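The values are calculated or read from the model by the stated rules, or taken from the named source; none is laboratory data. Because the structure is a prediction, the values reported are computed rather than measured. Here the Cβ is made from the backbone with ideal geometry for all residues, glycine too, and neighbour counts use every protein chain on show.
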Amino acid sequence: QQQVKQSPQSLIVQKGGISIINCAYENTAFDYFPWYQQFPGKGPALLIAIRPDVSEKKEGRFTISFNKSAKQFSLHIMDSQPGDSATYFCAAWLSYGGATNKLIFGTGTLLAVQP
Amino acid sequence: KAGVTQTPRYLIKTRGQQVTLSCSPISGHRSVSWYQQTPGQGLQFLFEYFSETQRNKGNFPGRFSGRQFSNSRSEMNVSTLELGDSALYLCASSLAAGANTGELFFGEGSRLTVL
């Protein structure tokens, strides 16, 4: 099953709050899990990524938590700022052992951080 | 270093016509992938090219095709356009086969409207 399920579809957070976006997958062949951030009129850009042998990765205010047994991972944005307002996509990388590069994206979460 | 360049940025076509979209990857990148982005379906993988060869293909009808040139530039073509083909078409490049970093560098897309 090559799907990545993402929730919520939209999220409103107050400035300074914590934004949490969740994703789940079924295919254990996925071997890399990036998060992309997309602003209106722009293409998605890599935000942070994690490998399945790591349970957590933090970069500044952004943290990925990964639960391999549950096949779930989430993005936490601490101290959310209005500039974080964007659409966030989780993704799973299916490398076929290095033979190709194919990203399966979640459906996206539209985050609005209110000042 | 220039990013991924897509042309045209916007175009309007009518049903039954065909369209060709162009993508110039980041210099040195040999892998080019194409994605279709729509509000309802999110980002859907179309196909990936590496060294002028299609390595992987998504679940799209044969009306969608692509190719890659020796300089890594890529084009995608949609024939016999349907209303449902209206979407943002995103091109992404990455370094090489098996880069497996989860990082695709996206262009800003070509916005296709089919009337």
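The condition (being farther than 24 Å from A:G106 by Cα and either within 11 Å of chain A (Cβ to nearest Cβ) or small (G, A, S) (or both)) is satisfied by just one residue among B:S94, B:S79, B:S86: B:S79. Condition test on B:E52, is it among the acidic types (D, E) and modelled with pLDDT under 95? Against the criterion (among the acidic types (D, E) and modelled with pLDDT under 95), B:E52 qualifies. For the range A:108-115, the condition of being hydrophobic (A, V, I, L, M, F, W, C), within 14 Å of chain B (Cβ to nearest Cβ) and surrounded by fewer than 14 Cβ atoms within 10 Å (Cβ to Cβ) holds for none of the residues. For the range A:85-100, the condition holds for at least one residue, the condition being that it is more than 10 Å from every other protein chain (Cβ to nearest Cβ) and not hydrophobic (A, V, I, L, M, F, W, C). For the condition surrounded by fewer than 18 Cβ atoms within 10 Å (Cβ to Cβ) and at the interface with chain A (Cβ under 9 Å from one of its Cβ atoms), B:Q54 does not qualify. Of all residues in the range B:2-35, those being at positive phi and either surrounded by 12 or more Cβ atoms within 10 Å (Cβ to Cβ) or not small (G, A, S) (or both) number 0.
In the range A:28-48, the condition of being over 28 Å from B:E108 (Cβ atoms), away from every other protein chain (no Cβ under 14 Å) and modelled with pLDDT under 95 is met by at least one residue. Looking at B:T38, is it of a type outside the set (A, V, I, L, M) and either crowded, with 19+ Cβ neighbours inside 10 Å or within 14 Å of another protein chain (Cβ to nearest Cβ) (or both)? When the stated conditions are applied, B:T38 passes them.
On inspection, A:F89 fails the criterion of being under 21 Å from B:Q41 (Cα atoms), assigned to a loop (DSSP other than H, G, I, E, B), in contact with a strand residue (DSSP E or B) (Cβ under 9 Å, 6 or more places away or on another chain) and among the hydrophobic types (A, V, I, L, M, F, W, C). In the range B:105-113 there is no residue matching the filter, namely being at pLDDT below 95 and either on the phi > 0 side of the Ramachandran plot or loosely packed, with under 14 Cβ neighbours inside 10 Å (or both).
Applying the set (1) more than 12 Å from chain B (Cβ to nearest Cβ); (2) over 26 Å from B:H29 (Cβ atoms) to A:K5 leaves exactly one unmet item: (1). Among the residues making up the range B:36-95, those that are on the phi > 0 side of the Ramachandran plot and among the polar types (S, T, N, Q) are B:S51, B:S72, B:T80.
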